[in-house]
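The values are calculated or read from the model by the stated rules, or taken from the named source; none is laboratory data. Everything numeric in this text was worked out from a predicted model, so none of it was measured. As a convention, Cβ positions derive from the backbone with ideal geometry for all residues, glycine included, and neighbour counts pool all protein chains shown.
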Amino acid sequence: EMKQFDQERSLEKLDVYAYPLNQSSNQISLYIKNRSPFTVEIVRVWINDQYIPYSIRILGTNECTTEPIDVQDILPHDDVESFYIKVTTARGNMFSSQTNPLQYSSDYGWSGGHSFAINIVVEMDTGVYNFIISVTSSNGTTIYDEDVWVLHSVSLMRKISVSGPDTYHIRVVQTMGIDRTCERDVQITLEEPTKWVYMDYPEDFQ
């Protein structure tokens, strides 16, 4: 039994993406992909050196989005602060968020991230949605295309890695009922390699 525990512990793999619900939100959620073939249980969410007891089970090769976590008490009032998010599993492994560090400024809200990436966050009321997310580079090459079902969650997050500085076109279509679309152009630069793009459904969708 111990041998099986050790083996499963060594095979446990999660991709964790922490994200604020919008630019000025006092809540964050975690989008977690379980890349292991077995169920993984999250027991703690860490924000810097503080942890929140948490209990969520993710079936093998499944994914989930946590309920929003209130971080109002730790946000700076007149400064900029970096937040490093990670989770601990019941088997004792720790996995850091791939969007670390999240930065919060009392003047500008959330930003952060060191890699060339576009972080898309769609906020919505609880329900059933079907979103088609596509990202193209300035020369028209499609670099990301995904069809996503959202079931009873209040947000959707995707981190899309890009090759480098360029202007990228983001198109998100919600197809349940009448198609509604939100489009944005995002400029990635060496100075600001990661851009956060927030969309509110249905307000930002035409």
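Is it the case, given these coordinates, that Asp49 is among the acidic types (Asp, Glu), on the phi < 0 side of the Ramachandran plot and touching a strand residue (DSSP E or B) at 6+ places or on another chain (Cβ under 9 Å)?
Numbers: among the acidic types (Asp, Glu): yes; on the phi < 0 side of the Ramachandran plot: yes; touching a strand residue (DSSP E or B) at 6+ places or on another chain (Cβ under 9 Å): no.
Considered against the rule, which asks whether it is among the acidic types (Asp, Glu), on the phi < 0 side of the Ramachandran plot and touching a strand residue (DSSP E or B) at 6+ places or on another chain (Cβ under 9 Å), Asp49 comes out as no.
Does region 82-101 contain at least one residue that is outside any loop (DSSP other than H, G, I, E, B), small (Gly, Ala, Ser) and surrounded by 13 or more Cβ atoms within 10 Å (Cβ to Cβ)? Steps first, please.
First, the residues of region 82-101 that are outside any loop (DSSP other than H, G, I, E, B): 82-83, 85-89, 94-97.
Narrowing the set further to residues that are small (Gly, Ala, Ser) leaves 82, 96-97.
After this cut, where a residue has to be surrounded by 13 or more Cβ atoms within 10 Å (Cβ to Cβ) as well, the list is 96-97.
Yes.
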query = Has region 179-189 got at least one residue that is of a type in the set (D, E, K, R) and within 22 Å of Asn100 (Cβ to Cβ)?
reply = no
query = What is the one condition in (1) part of a loop (DSSP other than H, G, I, E, B); (2) out of contact with any Phe, Trp or Tyr (no Cβ under 9 Å at 6 or more places or on another chain); (3) acidic (Asp, Glu) that Asp125 does not satisfy?
reply = (2)
query = Looking only at residues in region 128-174 that are touching a Ser or Thr at 6+ places or on another chain (Cβ under 6 Å) and outside any strand (DSSP E or B), which one is modelled with the lowest pLDDT?
reply = His152
note = Log entry, pairs with first residue in region 13-40 being at pLDDT below 95, second being assigned to a loop (DSSP other than H, G, I, E, B) and of a type in the set (Lys, Arg), beta carbons closer than 6 Å, six or more apart or on different chains, reads none
